[in-house]
Amino acid sequence: MIMHHNYNHNHNHNNKRLHRYGFRYCSTNGYILFLTVLIAGVVLLIGMGAMNVIRKEIILSGFARESQFAFYAADGGIECGLYWDLKHVGFGTTAFATSTSSNPPGVGAGVLCNGQDIKNPAAPVNHSVTYPPPPSQNATTQFSLSFSDGTCATVIVRKTNSGLRTRLESRGYNTCDLSSPRRIERAIRVSY
């Protein structure tokens with residue numbers, strides 16, 4: 001036995017049902033295809049927007065990480081400066097110049113930070129002392145440190161009033177490569 005299906009009867013019945021709910025049957029082909037492409041396009045735009053936000057967040061988190069490395073380098077530099085200015089183990093006074101008449105310890109005196117002699121003017125430490133014209137009650141000592149993780153710091157010790165006032169400034173960098181476009185600097189300053 002073969003069942004014969006009456007398409008027109010079901011078609012008219014479905015039209016009446018659609019009309020009852022406020023819809024009208026339209027036999028225009030391609031409407032569903034257009035709606036599908038439109039929805040796919042909207043979903044694609046939302047996905048691309050989300051990917052753009054995610055990409056920017058990854059870049060920002062990378063900068064935050066590198067900024068943290070630069071801060072740690074600055075912290076290491078300031079700790080070195082504070083240690084040798086305040087503790088000055090083995091010296092009667094600070095390890096840094098205080099005025100034109102001061103005589104701070106020189107190269108090979110054991111003033112070490114991170115295993116580097118900070119009094120040595122040779123690379124990679126780059127030590128220098130500057131004095132205003134004599135007789136002066138002021139002096140500035142500058143040195144650089146490099147760390148095993150590739151970071152570095154430049155420390156400036158300014159002594160005024162024959163060493164009664166001190167300002168230490170440490171600038172830390174996430175990389176020692178001066179030409180790096182991603183080089184980040186963070187600084188710490190201590191005055192006492």
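Data for the structure
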| quantity | calculated |
| --- | --- |
| From PHE96, PHE71, residue being at pLDDT 80 or above, assigned to a loop (DSSP other than H, G, I, E, B), touching a strand residue (DSSP E or B) at 6+ places or on another chain (Cβ under 7 Å) and not aliphatic (A, V, I, L, M) | PHE96 |
| Candidates GLY41, GLY76, GLY62, filtered to the one that is assigned to a helix (DSSP H, G or I), farther than 30 Å from GLY115 by Cβ and of a type outside the set (Val, Ile, Thr) | GLY41 |
| Output for the stretch 55-71, where each listed residue is surrounded by fewer than 17 Cβ atoms within 10 Å (Cβ to Cβ) and either touching a residue at least 24 places away in the same chain (Cβ under 8 Å) or on the phi > 0 side of the Ramachandran plot (or both) | PHE63, SER67 |
| Members of the stretch 133-146 that are surrounded by fewer than 18 Cβ atoms within 10 Å (Cβ to Cβ) and either among the aliphatic types (A, V, I, L, M) or closer than 29 Å to TYR72 by Cβ (or both) | THR140, GLN142 |
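The values are calculated or read from the model by the stated rules, or taken from the named source; none is laboratory data. No experiment lies behind these values; they were computed from the predicted model shown. All Cβ positions, glycine included, derive from the backbone under ideal geometry; neighbour counts span all protein chains shown.
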